[in-house]
Number of protein chains: 2
Amino acid sequence: MINPVFEIVGLSAAFLTTSAFIPQVYKIYKEKNADGISLTMYIILFTGVILWFIYGILIGSLSIIIANGVTALLQLSIIIFKLKN
Amino acid sequence: MINPVFEIVGLSAAFLTTSAFIPQVYKIYKEKNADGISLTMYIILFTGVILWFIYGILIGSLSIIIANGVTALLQLSIIIFKLKN
């Protein structure tokens, strides 16, 4: 278990880096267009984020689990959209 | 100190999520154009990455320190390019 004070720093970091990603998801769904998105790049990123998620579980870091869990879902929604269109 | 086996998972994650970011930096420098980049978004992301870096030091995670140290430098180079142009 990580010091709760440290988790405040981690959760603040998670909030900033994850929320910066939301406008792109919104833009894709609003414009129903993901042509500007590289599927290969998203699959590499998604694999990396899943590994971060596993790492978070291994070291017991709530911040890493939450940040990468949410990011993985956002990225998965973009990958599914890209594959269907 | 985190279990070295766990760090292999973390460093693999770091390699994937950080290297996915390199083509964008390359594209900006090659085209000498960062018009498609939102400065506000990059400043928010940069702040988040610095907080992750601090979090990595606090919990003693080499993977988080390396991943976010490298990402911070890449983002800073984009922010400086954007401010100068």
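Table for the structure above
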| quantity | calculated |
| --- | --- |
| Segment B:51-70, subset part of a helix (DSSP H, G or I) and within 8 Å of chain A (Cβ to nearest Cβ), residue farthest from A:Ala13 (Cα to Cα) | B:Ser63 |
| All positions within segment A:1-22 that are under 17 Å from A:Thr71 (Cβ atoms) and within 7 Å of another protein chain (Cβ to nearest Cβ) | A:Gly10, A:Ser12, A:Ala13, A:Leu16, A:Thr17, A:Ala20 |
| Failed item, numbered, when B:Leu73 is tested on (1) within 10 Å of the chain's Cα centre (by Cα); (2) in contact (Cβ under 8 Å) with a residue 12 or more places away in the chain; (3) within 24 Å of B:Val9 (Cβ to Cβ); (4) surrounded by fewer than 16 Cβ atoms within 10 Å (Cβ to Cβ) | (2) |
| Residue selected from segment B:23-38 under the condition within 14 Å of another protein chain (Cβ to nearest Cβ), within 15 Å of B:Ile80 (Cβ to Cβ) and not in a loop (DSSP other than H, G, I, E, B), by the criterion least open to solvent (accessible area, probe 1.4 Å) | B:Val25 |
| Sole exception among (1) of a type outside the set (A, V, I, L, M); (2) open to solvent by 80 Å² or more (accessible area, probe 1.4 Å); (3) on the phi > 0 side of the Ramachandran plot for B:Pro4, by number | (3) |
| Selected residue (only one of A:Thr18, A:Thr47 is modelled with pLDDT of 95 or more, polar (S, T, N, Q) and surrounded by fewer than 19 Cβ atoms within 10 Å (Cβ to Cβ)) | A:Thr47 |
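The values are calculated or read from the model by the stated rules, or taken from the named source; none is laboratory data. Predicted, not measured: the structure shown is a model, and the values here were computed from it. Heads up, the Cβs are rebuilt from the backbone with ideal geometry, glycines too, and the neighbour counts pull from every protein chain shown. Note: areas computed on protein heavy atoms with side chains; ligands, DNA, RNA excluded. Shrake-Rupley method; radii C 1.70, N 1.55, O 1.52, S 1.80 Å.
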